[in-house]
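The block underneath contains the structure these notes are about, expressed in structure tokens.
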Amino acid sequence: MIAWPTGVNQTILAETTGTIPTRVIRDTMRSGKEKKRLSSSSIPDTFPVVMRFTLSEWEIFKAWFKFSLRGGLLNFAFPAIAGTGTGEYEILSDLAWSQLGANTVKVTMTWRSIE
């Protein structure tokens, strides 16, 4: 598992929220009855994450994402979002960023907890 990049803060902003998806597939049979089933036996927790980086942290984070995580292909270690210790996560979405000030960047992405 890849370690979080050195020199980059680990603060997730309060704007971060989470959802637990149902992952139910509904099919209508020829008889007209509805059939329900799970799309997967494991239901991953996915949630949007919002972080604020300085420009130097942002440059380190971008390089780490591109080269260490191979653009989101690999998982990484991060302090557990819910609980204690360290959790394993993957980044599911593109990194969306916006300039907040002369030296600050706001980054939004979607993570999935690996259990």
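Rule-based calculations on the coordinates, nothing more; no lab input. Values in this document were obtained by computation on a predicted structure and should not be read as measured data. All Cβ positions, glycine included, derive from the backbone under ideal geometry; neighbour counts span all protein chains shown.
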- Is it the case that segment 41-56 has a residue that's over 19 Å from ALA14 (Cα atoms) and of a type in the set (Asp, Glu)? no
- Count - residues of segment 78-110 that are under 17 Å from LYS62 (Cα atoms), without any contact (Cβ under 8 Å) to a residue 24 or more places away in the chain and not small (Gly, Ala, Ser): 2
- Task: Check segment 54-61 and report whether any residue there is among the β-branched types (Val, Ile, Thr), touching a strand residue (DSSP E or B) at 6+ places or on another chain (Cβ under 8 Å) and under 30 Å from ILE25 (Cα atoms).
- Result: no
- Go through segment 62-75 and count every residue that is closer than 14 Å to VAL8 by Cβ, touching a strand residue (DSSP E or B) at 6+ places or on another chain (Cβ under 8 Å) and among the small types (Gly, Ala, Ser). 1
- Item | Verdict on LYS66 being outside any loop (DSSP other than H, G, I, E, B), closer than 19 Å to TRP4 by Cβ and among the charged types (D, E, K, R) | yes
- Given the conditions (1) of a type in the set (Ser, Thr, Tyr); (2) surrounded by 15 or more Cβ atoms within 10 Å (Cβ to Cβ); (3) not in a strand (DSSP E or B), which single one is not true for SER31? (2)
